[in-house]
Amino acid sequence: MSPVVVLVLAVLAVTYAAPVIRFATAPAIAIAFWRLALVLPVTLTLAWRERARAGPAERGGRGTVALMALAGVLLALHFWTWIASLHFTTVASSVLLVSLKPLFVWAIAALWLGEHPGPRERWGIILAVLGATLIGVGDARLSVGALGGDLLAVAGAVTAAGYYVIGRRVRQSVGVWRYVTPVYATAAIALGLAAVAARTPLVGFGTRDWAVFTALAAGPMLVGHTGMNYALKHFRATTVNVAGLGEPVGATIIAWLLPAIHEVPSPSAIAGGVLVLAGIVLALRDRRRPTAREGAPDAG
């Protein structure tokens with residue numbers, strides 16, 4: 001399947017994560033834990049099959065295991081901080097701040113991988129981030145609770161940026177299922193240990209919570225995150241993350257249409273959505289050839 005098609009499907013799959021989480025009553029750590037744990041039987045099976053077909057060049061290099069473990073820890077921190085933010089601020093505000101991650105990805109990838117976006121993609125990043133800002137600007141809440149939620153969302157953006165840049169590096173030599181399985185497993189273990197340390201329950205939830213866990217695992221996790229990790233072999237990390245800015249557009253629309261949430265987007269949010277989509281188109285059309293340093297980041 002075309003990497004562009006996979007990336008588009010992945011973005012569509014993650015758009016409903018934030019609105020759906022609003023229906024859960026379970027703690028943030030439990031939500032994050034189960035959305036990861038429930039996909040592991042599927043990814044483990046596919047990773048086993050992928051390993052049987054992999055050649056020597058697809059087995060990674062030194063340091064690969066450590067990088068995947070770090071990616072898993074960063075993913076756990078991303079989910080925990082972002083999901084926790086939704087309990088203190090609105091869907092649009094939370095997704096807006098997490099959507100700043102292309103800027104952090106740009107900086108980290110430039111410093112670590114020597115990977116820089118092309119001219120069109122730079123404009124695409126600027127337009128998309130500006131659009132995401134407009135989506136959430138009219139949704140600000142001047143309260144201590146909202147400020148705490150906003151700070152958690154920013155932390156979610158920084159940790160997600162690190163996770164995606166590591167994925168860009170490791171995915172050059174490791175198949176997608178053999179990459180996401182240890183990353184998701186590490187993230188689930190980290191969240192499970194954090195839940196035990198905080199004495200937060202991971203079981204005993206109602207039917208609605210388990211429906212939320214399942215919905216998050218099947219769509220945003222298995223299709224969304226895995227699809228983006230697949231795309232990281234074919235696109236720069238900045239490109240994948242700019243495409244991911246379609247999430248606040250979809251999340252805002254869903255939060256508007258669902259009667260139980262019904263957060264009506266402002267005119268600025270509608271204008272922001274147009275800018276986001278324009279930025280994504282610009283970024284995806286920037287298909288300049290990467291430099292020798294950018295072309296094949298070594299996983300070791």
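Computed from the coordinates by the stated procedures, all read-outs in this text should not be read as laboratory data. Computed from a prediction, not measured in an experiment: that's the story for all the values here. All Cβ positions, even for glycine, are placed from backbone atoms using ideal geometry, and neighbour counts span all protein chains on display.
Remarks
- Fully extending the segment from R53 to A197 would add 47.8 nm, taking 0.36 nm per residue of separation and subtracting the current Cα-Cα distance.
- Note on the chain: Cα Rg divided by 2.2 N^0.38 Å, N the number of residues, gives 0.95.
- Summing Cβ point charges (Lys, Arg +1; Asp, Glu -1) relative to the Cα centre of the chain gives a dipole of roughly 840 debye.
- Potential lengthening of the chain between A278 and W256 amounts to 5.8 nm, from the contour at 0.36 nm per residue minus the alpha-carbon distance.
- Estimated FRET transfer efficiency when R0 is 25 angstrom, pair S268-A107 (beta carbons, to 0.05): 0.40
- Across the chain, the relative contact order, built from alpha-carbon pairs under 8 Å that are at least six residues apart, equals 41 percent.
- Translational diffusion of the stretch 97-221, µm² s⁻¹ [Kirkwood Rh, Cα pairs; Stokes-Einstein; 4 °C; 1.567 mPa s]: 74 µm²/s
- Length gained on full extension, L147 to R285, computed as 0.36 nm times the residue gap minus the Cα-Cα distance: 46.0 nm.
- Among residues other than G227 with Cβ under 13 Å from its Cβ, the summed charge is +1 (Lys and Arg +1, Asp and Glu -1).
- Each part gets one Cα centre, and for the stretch 188-212 versus the stretch 77-115 those centres are 23 Å apart.
- With K and R counted +1 and D and E -1, the other residues having a Cβ less than 12 Å from that of V14 yield a net charge of 0.
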